[in-house]
Amino acid sequence: MTHKTFLIFSILAVVSFSAGAQQFSERKPAGIVGGKIISTDEFIQRYELNPKPGMKPKDKNLGVRLEFLQSLIAEKLWAREAESLGLDSTEAMLIAAESLENMFLRDALYKKEIREKISITDKELFASLKKYRTKYYVNYLITWDDEEVAALHNLLKQGVPFDTILSARPENEEQPGPVEIVYGQMPDEIEDSLFSMEPGMFTGPLESPDGLYIFFVRNKVLQTSQTMTPEDELKDAEKILRARKEQKRFREYLTGFMKGKQVTISAPFLKYFSIKLHDAMMQKQIEEKITDWEKLEVSARDVNRFLNSIPADSQQMNFIQVDDRVYSLRKYFLLEAFNGLNFEDIRAEELFRNFHRRIRKFIEYDQLAVEARKLGLLNLPEVQTDITMWRDNYLFQSLRSQFYDSVTVTEQEAIDYYKRYNKEIHYPAQVNILEILSDNQETIAYCLDLINSGADFRAVADSFTIRKSTQGKGGEFGWFPVIMYGELGRIAADLQVGDIYGPIKTSDGYSLIKLIGKKEDYIEYPKKSYEQLKHEIKANIGYGRLKSKIDNYTASLAVKYGISMDPDVLGGLDLTEINSIGMRYLGFGGSVTGVPIIAPNFDWYPRYLQMLKALP
């Protein structure tokens, strides 16, 4: 079926280490930060699902493990300091904390009310296995018209040959031969009808997202796999059956979930909200020279611009109310923005429709979290572990963002730098990378899987990157100084040629990079004026100052709070050593990376050791 798809069901791997956590619970901690342990469980989760530059598959390298633990310790140190500075009570962190808590509460509720309510009898399992071992070869008729499909069905019942009807229809061109159908490929209703048929039989009209189908069975083949054991076949059949039961239970649970709840949404306020957001997005489009057909990603600056366009008292007015839970416009928009906002159409009327749909989903998610709290799921150890791990990461990011704003290079400093080096200037190292840029982490994870399976990075980049300047070039940037492009340049500087690293979160989205060339820093004797060089000079000074400042600050925090690592524990861990990332698909919808992603951050450690030696 060329333009049709029956892939309604897909079994998504949910990244979860909770089942395996019990076996590690008696192990010594991997490290300690200010009296708080970094458990072996957390180290395993974070290490396995974070990219590690320079690591080769199956390379049990204690040095790589120690460097990763040092990066993890740095995150915990900054999170601890952020708390002491009161950053955990800022509006941004409170929004982040509420979003994270609700997300993991919904996931726990899904596990309790959906996944754990599924039971499978032996009879159901073996019926599923029989379907799994059956292949159907079919042709089909399709239309969106109820009367037309009824007329086609009547012709078949009257004895008109299926091939006679098919030959006169446009879908005949899509079917040069019979189409293979296997178990798990179609919705239950279609599959139940089709899998009861024998060759030469046809179904009645069957509704699907693609239209109304009539299938004609050409052949039916029963066979066992030549490459799988019977046990593996049974496991696969059970996965499909369990996924279907899960979907059915999911629909049953949500049906009527909102019944009886008093929901109020201010329609006039939503219209006003849509107009103001349209104005902010139009300004962004003009300033950033974004074309009408490009997707607009909402940045932190855009959020502030939008909110600043609305009077403070209006921001605090009741916007959404569900029973006794009330959300102001400001809080609602900040919660939506935290989870990511982008628009393909910024007309005010389309934004109104867009947010009308979003609000319905927002209310549903909110009430699912309310139900989870009622059931006491917030007290589950796995929920608390997830919340704490992600909260620490956001506290770390919150404090670090202040450092990016704190580094300035004055004109006089740049002039002094120019004069100090007279006619010579020190240039930083240069790199050349291939990049795959996407606006979502799932695509990056999928691309990495393709590359790990042997696909060529350039070919994958040409198929998936959204960066226009490198499309059709295999994602190649060309040579650039490592002080450029923010995190891309910084991380590329630490890679070896051939290394692959990602995802890297930038203002453009999520990047997966491969280093294909590297030139060491060098000195040039330019015949250029200060005015020609000042931007490069300022960037050079700023980068070195920021990196040094962050490393010194981290080292001082390590002295302040105290840290310890256990190399023997790290060396004794049985890890896969596969350089990959993972996605966690959450109950009731949504996804995040399997764990918070952290960039390598271990250059602070030697400075920490020097500070310890200097202590009295």
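What follows draws every value from the coordinates through simple rules; no lab data is involved. These numbers were taken from a predicted model, which means no experiment stands behind them. Quick reminder, even Gly has a Cβ in these numbers, built from the backbone with ideal geometry, and neighbours come from all protein chains shown.
Beta bridges from DSSP with both residues in the chain: antiparallel share about 100 percent, rounded to the nearest 5.
Here the residues ASP568, ASP392, ASP88, ASP416, ranked from fewest to most Cβ neighbours within 10 Å of their Cβ, fall in the order ASP568, ASP416, ASP88, ASP392.
If R₀ is 25 angstrom, what is the calculated FRET efficiency for the pair ALA267 and ASN339, using the beta carbon separation as r and rounding to 0.05? With a Förster radius of 25 Å, E is 0.60. Relative to the Cα centre, the charge distribution of the chain, modelled as +1 at Lys and Arg Cβ and -1 at Asp and Glu Cβ, gives a dipole magnitude of about 1200 debye.
Amide H contacts of GLY594: GLY582, MET583, ARG584, each under 5 Å away and 5 or more positions distant or on a separate chain (H built 1.01 Å from N in the peptide plane; Pro and chain starts excluded). As a length-normalised measure over Cα pairs under 8 Å and 6 or more apart, the relative contact order of region 122-251 settles at 40 percent. Its Cα gyration tensor gives the chain an equivalent ellipsoid; the semi-axes, largest first and in whole Å, are 49, 30, 29. Each label was represented as a point 7 Å from its Cα along the Cα-to-Cβ direction; for ASN61 and SER309 these points are 4.9 nm apart. The alpha carbon centroids of region 558-606 and region 355-415 are separated by 18 Å.
Site pair LYS374 and PHE257 shows an inter-label distance of 1.3 nm when each label is modelled 7 Å from Cα along Cα→Cβ. In a fully extended conformation the segment linking THR227 and ASP521 would gain 100.5 nm over its present Cα-Cα distance, using 0.36 nm per residue.
Considering only alpha-carbon pairs that sit under 8 angstrom and 6 or more positions apart, the relative contact order computed for the chain is 25 percent. Karplus-derived 3J(HN,Hα) values for region 439-455, using 6.51 cos²θ - 1.76 cosθ + 1.60 with θ = phi - 60°, are 8, 9, 6, 4, 5, 4, 4, 5, 4, 5, 4, 4, 5, 5, 8, x, 5 Hz; glycine and proline are entered as x. Taking label points 7 Å from Cα along the Cα-to-Cβ direction, LYS468 and LYS248 give a separation of 5.0 nm. Along region 311-322 the Karplus relation, 6.51 cos²θ - 1.76 cosθ + 1.60 evaluated at θ = phi - 60°, assigns HN-Hα couplings of x, 4, 5, 5, 4, 8, 5, 4, 10, 10, 9, 10 Hz to successive residues, with x for each Gly and Pro. Dipole orientation for the chain: of the candidates THR410, VAL431, PRO230, THR410 has the Cα lying most toward the positive pole (charges on Cβ; Lys, Arg +1; Asp, Glu -1). From the square roots a ≥ b ≥ c of the eigenvalues of the alpha-carbon gyration tensor of region 122-251, which class results: rounded (a/c under 1.5), prolate (a/b over b/c), or oblate? Note, shape of region 122-251 comes out prolate. Among LEU141, PHE126, ALA151, which residue has its Cα furthest toward the positive end of the charge dipole of region 106-156, with +1 on Lys/Arg Cβ and -1 on Asp/Glu Cβ? Value: PHE126.
Remark: the ILE415-GLU148 segment gains 88.1 nm on full extension, using 0.36 nm per residue and subtracting the alpha carbon distance. Residues whose amide H falls under 5 Å from that of TYR427, counting only those 5 or more places apart or on a different chain, are TYR522, ILE523, GLU524, with hydrogens built in the peptide plane.
The fewest-to-most ranking of LYS514, LYS276 by surrounding Cβ atoms within 10 Å reads LYS276, LYS514. Rg and Dmax, both from the Cα atoms of region 464-616 and both in Å, are 19.9, 63.
Hey, fewest Cβ within 10 Å first, where do LYS331, LYS28 land in order?
Values: LYS331 18, LYS28 12.
Sorted ascending by nearby Cβ count, the order is LYS28, LYS331.
Between TYR585 and ASP192, take the C-beta separation as r, use R0 = 30 Å, and let me know the FRET efficiency to the nearest 0.05. For TYR585 and ASP192, the calculated efficiency is 0.70.
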